[in-house]
Amino acid sequence: MSTFLRLLGRRLLVLPLMVVGVTFLVFFVMSFSTADPARLALGESADAAALEAYRETHGLNRPLLVRFGDYLWRLVTPEVSFNPFHVKINLGESFTGTDIYSMVETAFPITLQLTFLGLLIAVVLAGVLGVVAALYRDRWPDQVIRVFSIACLATPSFWLALLLIQWLGNIPGGASVFPAVITEWVGLFEDPARYIDQVTLPAIALGVPVAGSLTRVVRTAMVEELDRDYVRTAIGAGIPKHVVVARNVLRNALITPITVLGLRVGYLMGGAVVIEMIFNIKGMGDLIFQGITRNDVNIVQGVTITVAVAFIFINIVVDLLYVLVNPRIRSV
C-alpha cells in the first residue's frame, strides 16, 4: 500500500504541470486559426469599428501569453454552486454566446460511455483469445486466433460500423436487430433495454479493432511468462497447470497489456468521435463537427482540452494499476 500511495503522490504532484502543458499546447495551436472571432460573432455586415470594439472587449488584441493566462485563470477558478458536488469549469463561450461547459457537460459522458464499453469489449475478447492462443501455442486454435486478430487489427472502426449497420441495422436489407441511427440518447437507468440496443453496434465497432492488437500483446506476454523457470518448476512439483496459470502467470503477464491498454484509450476516444457521427450520437464528435463547420475555435478548443485532460487522468489510473496487479513493482 505504501508503494501505491507514493506512486499516487508523485502522479498528483506532476498532474498540474501536465494539464497546464496540454492546455497551452492546444491554446497555442488553435491561435493559428484564420477564423476571425469578431467577424463570426457579429456577422459579415458588422463595420470595422464594431469589430475592433469586440476584439478590445474580449481581449483578442492582447499578446498570446496574456490571453492564455486569462484562459488558464478561468479554468482554475471554477464556479461552485449551492450543490458542492457540481463544479462548473469556465471553458468560455462559443461565438453564438452558448456556454461551452454546458455543451461539454452533456456530450462528454456519452463519449465516455462509448469509450468504456468499447474498452470492455476489447479487454474481454483480447483476454480470452490471448490466453487461449498462448496455451495452445502453434496449434490450430492459435492459428485461428492469429488470423482473427490480424483481421480485426486491419479493420477500421468506421468501416466496421458501416458493415454492422448494413448487416444488423434497421435499414432496408438489414436484419433490423439494432437501430442504425440514434434519434434520441437514452440513459442506462431510464430504459436499460433501449440503452443496450443503441450502444451495441457503436461499442462493437470501437472495441473489435482494439481487441485485435491487444490479443497479440496478451498472447506474447503469456508465452514469455509460460516459458519462465518458475512455471516449469511449479508444474514439475505437481501443482496443476491451470492453478499456476491462474495464480501466477496471468498476474505477471498483465503488465505489458495494461501499458498498451493505456495508450489505446486515446485511440478509443478518438474513434468514438467518428463513430458518433456515423450513428448520429450527440457526443463530443457532434460538438467538434459543430465547431469545425461553424469555424468556432472556442468549441474545438474546449472539446480538445477536455479530451486531452481526460486522457491524462486515464493514464494515471493505468500507472496505478501496475502496482495493484503486481505489488512487486517498486517504481513506475
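The values are calculated or read from the model by the stated rules, or taken from the named source; none is laboratory data. Computed from a prediction, not measured in an experiment: that's the story for all the values here. FYI the Cβ positions are ideal-geometry reconstructions off the backbone, even for glycines, and counts take in every protein chain you see. These area figures cover heavy atoms from the full protein model, side chains too; ligands, DNA and RNA do not enter into them. Shrake-Rupley method; radii C 1.70, N 1.55, O 1.52, S 1.80 Å.
Would you point out which residue out of Ala107, Ala126 is assigned to a helix (DSSP H, G or I), closer than 20 Å to Leu250 by Cβ and touching a helix residue (DSSP H, G or I) at 6+ places or on another chain (Cβ under 6 Å)?
Only one candidate passes the filter, namely Ala126.
Might you check whether a residue that is open to solvent by 30 Å² or more (accessible area, probe 1.4 Å) and polar (S, T, N, Q) occurs anywhere in region 317-330?
No, region 317-330 contains no residue that is open to solvent by 30 Å² or more (accessible area, probe 1.4 Å) and polar (S, T, N, Q).
Taking region 167-203 on its own, how many of its residues are within 24 Å of the chain's Cα centre (by Cα), surrounded by 13 or more Cβ atoms within 10 Å (Cβ to Cβ) and assigned to a helix (DSSP H, G or I)?
Residues flagged as within 24 Å of the chain's Cα centre (by Cα), surrounded by 13 or more Cβ atoms within 10 Å (Cβ to Cβ) and assigned to a helix (DSSP H, G or I) within region 167-203 amount to 10.
Residue-wise test of (1) modelled with pLDDT under 90; (2) under 23 Å from Ala203 (Cβ atoms); (3) in contact with a Phe, Trp or Tyr (Cβ under 9 Å, 6 or more places away or on another chain).
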| position | (1), (2), (3) |
| --- | --- |
| Ile100 | yes, no, no |
| Glu105 | yes, yes, no |
| Leu125 | no, yes, no |
| Arg146 | no, no, no |
| Ala154 | yes, yes, no |
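Kindly list the number of the only condition in (1) open to solvent by less than 70 Å² (accessible area, probe 1.4 Å); (2) under 30 Å from Gly92 (Cα atoms); (3) of a type in the set (Val, Ile, Thr) that fails for Val123.
Just one mismatch for Val123, condition (2).
Take the residues in region 23-51 that are polar (S, T, N, Q) and touching a Leu at 6+ places or on another chain (Cβ under 7 Å); name whichever of them is least open to solvent (accessible area, probe 1.4 Å).
Here the residue is Thr23.
Which residue out of Phe85, Phe95 is surrounded by fewer than 11 Cβ atoms within 10 Å (Cβ to Cβ) and at pLDDT below 80?
Every option except Phe85 fails the conditions.
What number of residues within region 126-166 satisfy the criterion of being more than 21 Å from Ala272 (Cβ to Cβ), without any contact (Cβ under 8 Å) to a residue 12 or more places away in the chain and open to solvent by 50 Å² or more (accessible area, probe 1.4 Å)?
Counting residues in region 126-166 that are more than 21 Å from Ala272 (Cβ to Cβ), without any contact (Cβ under 8 Å) to a residue 12 or more places away in the chain and open to solvent by 50 Å² or more (accessible area, probe 1.4 Å) gives 8.
So, in region 281-296, of the ones that are of a type outside the set (Gly, Ala, Ser) and open to solvent by less than 20 Å² (accessible area, probe 1.4 Å), which residue ends up farthest from Gly130 (Cα to Cα)?
Checking each candidate, the answer is Asp296.
Given Leu263, Leu268, Leu226, Leu254, which one is under 13 Å from Ala126 (Cα atoms) and either at pLDDT 85 or above or within 30 Å of the chain's Cα centre (by Cα) (or both)?
Exactly one residue qualifies, and that residue is Leu254.
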